[in-house]
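Undergrad: Sharing a structure here in structure tokens format.
Throughout, read-outs are computed from the coordinates displayed, never taken from laboratory work. These numbers were taken from a predicted model, which means no experiment stands behind them. All Cβ positions, even for glycine, are placed from backbone atoms using ideal geometry, and neighbour counts span all protein chains on display.
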Amino acid sequence: MIAPEVPAPDEITAPWWEATGEHRLLVQTCARCSGAQHPPRALCVHCGHDALGWSGSAGLGVVDSFTVVHRAPRPELEVPYVIARVRLAEGVLLLTRLEGRDPDTWRIDDRVRVTWVDLDDGRALPVFIPAGPSPTAEPETAPEQRGS
Ligand SMILES: [Zn+2]
């Protein structure tokens, strides 16, 4: 698996990273206004309060924007790969990668779901794969005929 640049956790992001180790995607949520935000911050971007907690994300979203990288910044990275902004169902945007499909076949608003790339340090990176049937995917084994 390609190793992307991964920032070290800090005081604010530590709980978020900790959850990734258990393959749980968290969204920082304000106790006062119920606003959700990502990445994690010290204050609510909606109301400025610091009463921030965490809620679990279902890990479902849509592609908000993406770019296919054909020239890697580091020689060990395999190209092409897809950097994307995914809008989670919870309303926040996540900078991530798209996997599981030919890079040139992605479209804005494609439905995606989270999957995880485990890191050596016990954390994991959320990346996204097609949530629905892909127009380019090999057909899966034919569903069994129901008796009629
Ligand atoms: Zn708030």
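Undergrad: Under the √(5λ) rule applied to the eigenvalues of the Cα gyration tensor, what semi-axes describe the equivalent ellipsoid of the chain? Give them in Å, descending. Each step should come with its number before you reach the end.
TA: Numbers: eigenvalues 173, 88, 45 Å².
They are 29, 21, 15 Å, listed largest first.
Undergrad: Also: How far apart, in nm, are the 7 Å Cα→Cβ label points at residue 45 and residue 119?
TA: If labels sit at residue 45 and residue 119, their model points lie 2.0 nm apart.
Undergrad: What's the local net charge at residue 36, with K and R +1, D and E -1, over the other residues with C-beta under 12 Å away?
TA: Details: positive: 41, 87; negative: 90.
Taking every other residue near residue 36 into account, the sum is +1.
Undergrad: Okay, next question. If I model a spin label as a point 7 Å beyond the Cα along the Cα-Cβ vector, how far apart are those points for residue 13 and residue 60 in nm?
TA: So the label points at residue 13 and residue 60 sit 2.8 nm apart.
Undergrad: Still on this structure, please answer the following. Between residue 68 and residue 6, what is the label-to-label distance in nm when each label sits 7 Å out along the Cα-to-Cβ direction?
TA: Label at residue 68, label at residue 6, 2.8 nm between them.
Undergrad: On to the next question. Give the distance, in whole Å, between the Cα centre of segment 2-42 and the Cα centre of segment 51-105.
TA: The distance from the Cα centre of segment 2-42 to that of segment 51-105 comes to 15 Å.
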